[in-house]
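> Following this message is one structure expressed as C-alpha cells.
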Amino acid sequence: MRLSTKGRYAVMALVDLACRSDGKPVALADIAERQEISLSYLEQLFAKLRKGGLVRSVRGPGGGYLLARSAEATRISDIILAVDEPIRATRCTPGVPEGCRSNKSRCLTHDLWEELGHQIHLFLNAVSLADVRERRIHVSGGVRHDDDHSEGPDAASPCTPAGVRHVAAAQ
C-alpha cells in the first residue's frame, strides 16, 4: 500500500506547523518553502484540514494557521482522513459486501489486505503529531534516515533543519 502525496504532504505540513507555531499563526508560504510543497496545493489541503477541525486560520497581518487542538491530541489518522485519503489496502469499497472482481466476488487474499489496512489505521491512530515532532516513533532496524543518528538534546528532529544542531551558549 502506498500513501498518496495528499496524505503525506498534509502530515508533513502539520508537523511543520506543530514545530513552528508556538501559539502564533504560521504562514502557509513559510510551510510551503520549508517543506518544498506547492503553495496552491497546500492551500487546497489546508481548506480540507480546516473543514475537518484540525487547523484554524487567523486573518490579517501576521496571520496564518494554528493547530485547532494540541499536537498531542492530533492523530496522524485524523490528518489523513481529513484530506479524503482512505486508509485501506484493498480495491474493494469498505462496508460493501461485494468484492472488486468482475463477478462481484472477493479475491482470495481480500481478508489479508483488509486486515493490513486495519492495522495501518490502528498504527496511524496511535501516533500523534507530538510523537512525530518529538521523534517518538520506533524505527525498525534502528536506522534513521537523516544526517544525524545521535540521540539526546543535540539530535536532529523534524523541527530542526538537517545538519543544524543546538549549540550551548557557554562552554
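The values are calculated or read from the model by the stated rules, or taken from the named source; none is laboratory data. Because the structure is a prediction, the values reported are computed rather than measured. Note: ideal-geometry Cβ built from the backbone for every residue, glycine included; neighbour counts use all protein chains shown.
> Is it true that Ile80 is surrounded by 13 or more Cβ atoms within 10 Å (Cβ to Cβ), over 19 Å from Glu134 (Cα atoms) and aliphatic (A, V, I, L, M)?
Answer is yes for this residue.
> Moving on to the next point. Answer yes if at least one residue in the stretch 98-120 is buried (at least 17 other Cβ atoms within 10 Å of the Cβ), of a type outside the set (Asp, Glu), at pLDDT below 95 and under 30 Å from Leu28 (Cβ atoms), and no otherwise.
Within the stretch 98-120, one or more residues are buried (at least 17 other Cβ atoms within 10 Å of the Cβ), of a type outside the set (Asp, Glu), at pLDDT below 95 and under 30 Å from Leu28 (Cβ atoms).
> Turning to a different aspect of this structure: Can you find a residue that is loosely packed, with under 13 Cβ neighbours inside 10 Å, not in a helix (DSSP H, G or I) and not aromatic (Phe, Trp, Tyr) anywhere in the stretch 40-48?
No, that holds for no residue.
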